[in-house]
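Colleague: Pasting a structure below so you can have a look.
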Amino acid sequence: MYIFDNRITLEDRPLLEEYLNSFEYKTSGLSFTSLYMWRKINQFSWEVIGDYLCIAAADNLEPEMGVSFLFPPLTRSGCYEADSLKEAVMEAKRRFEAKGEPFVMMLVPFHMNEILDQAMPGMLRFEADRPNYDYLYRKSDLIELKGRSFHGKKNHLNYFLNNWQYEYSPITSDMTEEAMGFIHEFNKRKNLEDPHERELLDMEVEAMEDMFLNIESVGYLTGLIRIDGRIEALSIGGRLGAKTVTVHVEKANTEYRGLYQLINLEFCRHLCKQIKLINREEDMGLMGLRKAKLSYNPVKLVEKYTVSLK
């Protein structure tokens, strides 16, 4: 369900980025590239209420959920004022209730808990949302793979380098047809029997095609690897604050041992010098994905909370 009237569009990118970039939110979902990529799947809508940008979404990633929620209100000035923040939250609550939806804030970064608590002392309940914690890495670690903790990753990478030649390049919108060919081949290797998982995959395919067509206008950061002239791996990300890039999508043909390690390394190596950290998003509570993300030795987990009124 769409709570507010405005949708995420290219035309509104300058205004939205004024709010998204004025404060270091540090969470993967609060960037224009992320909001635009998943705008249809998560039914993002927004409105400026008082001094703050309020973005609503629907959690459509779980079967039969569709729970509507509010991101933390975003500041344009870089500062938060208690009274005006409380007014924005309470007005957003009224908008939710007018749509027949219970009010809750989700994906709230830990460092905003105190800001919200000061604005609404004793009124809020804070609950840690471990499946949605982001994984944060040093860019240099993912490039160099130094030390015993990266020994396995280095072995996989060296195996690839000793057995195949490759080319790395950015992705441009005129490569959409070719890139989508890779996506379709990648998805054919999956054996999804659950109807909800199949539905989500179809929605992701639609989002990917839209993303490829709008790479330049949205500002995605991209890279791909060709082996014998064919795309066999790709990575897509976006800026998150001054020193961080979020990796939104990373896919590689698992028939090539070490290819995932290589696309990760090359994508990081081609980022500008100002980027020091890589956010590889959450694990969604999937134990296999959690194990994979922990195996790259994150320097920090970016904590997120669900915040509700008592």
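No value in this document is a laboratory result; all are computed from the given coordinates. From a predicted model like this one, the values you see are computed outputs, not experimental measurements. So basically every Cβ, Gly included, is an ideal-geometry build from the backbone, and we count neighbours across all protein chains shown.
Colleague: Calculated FRET efficiency, Tyr2 and Met120, Cβ-Cβ r, R0 25 Å, to nearest 0.05?
Modeller: Efficiency computed from Cβ-Cβ geometry: 0.45.
Colleague: Could you give the angle, 0 to 90 degrees to the nearest 10, between helix 195-213's Cα long axis and the longest principal axis of the Cα atoms of the chain?
Modeller: Tilt relative to the chain: about 80 degrees.
Colleague: Per residue Cα convex hull volume for segment 13-130, in cubic angstrom? Show your work: numbers first, answer last.
Modeller: Numbers: hull volume 12.9 nm³, N = 118.
Spread over its residues, the Cα hull of segment 13-130 gives 110 Å³ apiece.
Colleague: Given 10 Å bins starting at zero, what is the percent of C-alpha pairs of the chain in each, up to the one with the largest pair distance?
Modeller: 6, 26, 34, 23, 10, 2, 0
Colleague: Which lysines, on any chain, are close to Lys139 with Cα under 16 Å apart, when same-chain ones fewer than 8 places away are left out?
Modeller: The qualifying lysines are Lys26, Lys153, Lys154, Lys243, Lys273, Lys276, Lys293, Lys300.
Colleague: As I understand it, the value is the acute angle between the Cα axis of helix 82-98 and the longest principal axis of the Cα atoms of the chain; what does it come to in degrees, rounded to 10?
Modeller: With rounding to tens, the tilt is 80 degrees.
Colleague: Any chance you could run the full-extension gain for His184 through Lys146? It's 0.36 nm times the residue separation minus the Cα-Cα distance, nm to one decimal.
Modeller: Stretched fully, the His184-Lys146 segment lengthens by 10.2 nm.
Colleague: State, to one decimal in nm, how far the label point of Glu167 lies from the label point of Leu294, with both points 7 Å from Cα in the Cβ direction.
Modeller: Going from the Glu167 label point to the Leu294 one covers 4.1 nm.
Colleague: Run the simple label-point estimate for Leu213 and Leu10 please: 7 Å along Cα→C-beta, distance reported in nm.
Modeller: 1.0
Colleague: Where a Cα-Cα gap under 20 Å defines reach, which lysines qualify for Lys40, not counting those fewer than 8 residues away within the same chain?
Modeller: Here the lysines satisfying the reach criterion relative to Lys40 are Lys99.
Colleague: Can you tell me the orientation of helix 259-269 relative to the chain, as the angle in degrees between its alpha-carbon axis and the longest Cα principal axis, to the nearest 10?
Modeller: 60
Colleague: Please give, to one decimal in nm, the separation of the simple spin-label points placed at Arg257 and Asp83, each 7 Å out from Cα toward the Cβ.
Modeller: For the pair Arg257/Asp83, the computed spacing is 6.7 nm.
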